[in-house]
Structure formats: C-alpha cells, structure tokens
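Colleague: Below is the structure I would like to discuss, written out as structure tokens.
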Amino acid sequence: MSIIKLVAKRLEKWYDEKGRRFPWRESKDPYKIIVVEFLLQRTRAETIEKVYAEFFRRFPSIESLATAKRKNVERVFSKLGLLYRATRLIDMARFILEKHGGHIPCDLKQLLRIKGVGVYISSAVLNFGYDIATPVIDKNVMRVANRLWGVKRQTDAERLVRELYKYGDHKKLAYALIDLGALVCKDRPQCRLCPLNDICPKLPLSKRDWRMLRKVITARGEVLLREQPVMRVKKKDRG
Ligand code: SF4
C-alpha cells in the first residue's frame, strides 16, 4: 500500500473514533455550511454549537436571513458576544440573494466575490456543501502537512490533500485533517496519540516560512488569490 493511501486509511479510522462531532458536519446544505464557517472565524466551534439549532430554526434559508431584522439576528447571538457578526451575516445573505437569486454559488470564483468569504470558507462550501473534492486548508491542516510532508506552501499542501482524497471520503478526510491539527498535531504535538506516529517523519515546524493563500481584490475589482507569509495573514479566514 502506498504511504498516501495508508495515511488516508489511518485518518479515516481515527476520525471515526476520535473526530469531533458537530451538527453542521452532518449537513450537506451549502447555506448552513457557509453561515457556520462564517461564524467560525475566530470563534470556537463549541460556542457556535450553542446557537446552531436556534439560528437555523429562526432563519432556515438565505431569504429569511437576508430579510431579517438585525435585532432579531442579534438576539440569537446576544449571549455569546457575537453581536457584531449579525450585520455582516445579513449583508452576506443579501448579496447572495441579490446576485445569485438566493443560491449559494458552487464555483470558487463566484464564492470569493462574496464579501467576508475567503479561500477557507469557499473550499468548505465546495467540499462539505457541494460534495466537490476540494482541499480545505486552515492553519491546523498546514501544521500537519508541514510536519508530515515538509510542505510550506498552501498550494503544495492542496496538491497532496487532493492526492489523499483519491483514497477515501474527501469530506471525512478534510474533517480528519482539521481535527488532527486541532487536537493532536498542535504546536506541541502529541505524537503518541497520533494515528500517523509510525509513518510521520515529524519534520520541524516552520511556520515563519509558510505561504498561505489569501483573497485580494484589486483596484479594478478583480478577485485574486495571493500567497502570503502566514505571519501576515492576521485574520484566519475561517478560522
Ligand atoms: S506524528 Fe506527530 S508530528 Fe506527525 S502528524 Fe502526528 S502529531 Fe503531527
């Protein structure tokens, strides 16, 4: 068995046993995915979990969110200190309603045109919402890729993750990599708990050399992806 196939099989098994379970991970609804990923920026998943059911009960569609009164959206977030998210979320929903008839785009370029939606959120929508095998790379995944494969550029990590997806379920593998980075392959890795312990070379972490992709809008309104040192990517576009 090739190493990459072995990595895929180990990750899937580990995710089945140890992966985190959040309600949105059971969903294939692009609306739920884009809203949750938008909210997950700089916010812990456990915090979002507390309002998940209530939010989608009150705002079950893009239309309902786009036409909602801000105070009603704020009411859902009020206990969590996420009030400032309400306006941005409504703006995003209005944009999708106006420009896409309420349909979440299933195309990277169109997704990136949405304000507040960067590379990570776009990839998550494509992978988790539209079942398109798209690498979903955040800093947790970069850390795993760096130590496991020695890659420092997001584009290289994406190439290897695409290869990985050929040997399993791309959605499960994407979540497995995110969780492995968040729970085990942390800044101080817990290798003895890792399913890749015996096959990982444990290369030194080189965050300062990472080059991650960031959305840039030019003066002419073009949306481009640029590689940037990770230390300058202040805002994790998911997070
Ligand atoms: S073995 Fe250690 S360094 Fe390698 S992926 Fe697992 S936790 Fe990270």
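Colleague: Do we find a residue being surrounded by fewer than 21 Cβ atoms within 10 Å (Cβ to Cβ), in contact with a helix residue (DSSP H, G or I) (Cβ under 8 Å, 6 or more places away or on another chain) and of a type in the set (A, V, I, L, M) anywhere in the stretch 147-160?
Modeller: yes
Colleague: Next question, about the same structure. One residue is enough: does the stretch 179-188 have a residue meeting the conditions free of Cβ contacts under 8 Å to residues at least 24 places away in the same chain, out of contact with any Cys (no Cβ under 8 Å at 6 or more places or on another chain) and surrounded by fewer than 15 Cβ atoms within 10 Å (Cβ to Cβ)?
Modeller: If we filter the stretch 179-188 for residues that are free of Cβ contacts under 8 Å to residues at least 24 places away in the same chain, which is where we start, we get 184, 188.
From what's left, out of contact with any Cys (no Cβ under 8 Å at 6 or more places or on another chain): 188.
Okay, now just the ones that are also surrounded by fewer than 15 Cβ atoms within 10 Å (Cβ to Cβ), so 188.
Within the stretch 179-188, one or more residues are free of Cβ contacts under 8 Å to residues at least 24 places away in the same chain, out of contact with any Cys (no Cβ under 8 Å at 6 or more places or on another chain) and surrounded by fewer than 15 Cβ atoms within 10 Å (Cβ to Cβ).
Colleague: A further question on this structure: Just one of Leu203, Leu213, Leu164 is more than 10 Å from the ligand (Cβ to nearest atom), modelled with pLDDT of 95 or more and closer than 17 Å to Ile4 by Cα; which is it? So that I can check it myself, show each step before the final result.
Modeller: On the way: Leu203 fails: more than 10 Å from the ligand (Cβ to nearest atom); Leu213 fails: closer than 17 Å to Ile4 by Cα.
Going through Leu203, Leu213, Leu164 in turn, the sole match is Leu164.
Colleague: I would also like to ask the following. In the stretch 176-195, which residue that is assigned to a helix (DSSP H, G or I) and farther than 15 Å from Glu17 by Cβ is nearest to the ligand (Cβ to nearest atom)? Show your work before the answer.
Modeller: We begin by selecting, within the stretch 176-195, every residue assigned to a helix (DSSP H, G or I); these are 176-184, 191-193.
Now drop any that are not farther than 15 Å from Glu17 by Cβ, which leaves 177-178, 181-182, 191-192.
On the way: Leu177: 10, Ile178: 13, Gly181: 8, Ala182: 11, Cys191: 3, Arg192: 8 Å.
The selected residue is Cys191.
Colleague: Taking the stretch 133-156 only, how many residues are farther than 18 Å from Ala176 by Cβ and among the β-branched types (Val, Ile, Thr)?
Modeller: Residues in the stretch 133-156 being farther than 18 Å from Ala176 by Cβ and among the β-branched types (Val, Ile, Thr): 1 in total.
Colleague: Still on this structure: Can you tell me which condition Arg208 does not meet? The list is (1) over 27 Å from Leu111 (Cβ atoms); (2) in a loop (DSSP other than H, G, I, E, B); (3) more than 15 Å from the ligand (Cβ to nearest atom), and all the others hold.
Modeller: With respect to (1) over 27 Å from Leu111 (Cβ atoms); (2) in a loop (DSSP other than H, G, I, E, B); (3) more than 15 Å from the ligand (Cβ to nearest atom), Arg208 is out only on (2).
Colleague: Further question: Spot the failing condition for Ser122; the list is (1) farther than 25 Å from Leu225 by Cβ; (2) not in a loop (DSSP other than H, G, I, E, B), and only one is missed.
Modeller: (1)
Colleague: The conditions are (1) within 10 Å of the ligand (Cβ to nearest atom); (2) buried (at least 20 other Cβ atoms within 10 Å of the Cβ), and Leu173 fails exactly one of them. Which is it?
Modeller: (1)
The values are calculated or read from the model by the stated rules, or taken from the named source; none is laboratory data. As the structure is a computational prediction, the values presented were derived from the model and not from experiment. Cβ atoms come from the backbone with ideal geometry, glycine included; neighbour counts cover every protein chain shown.
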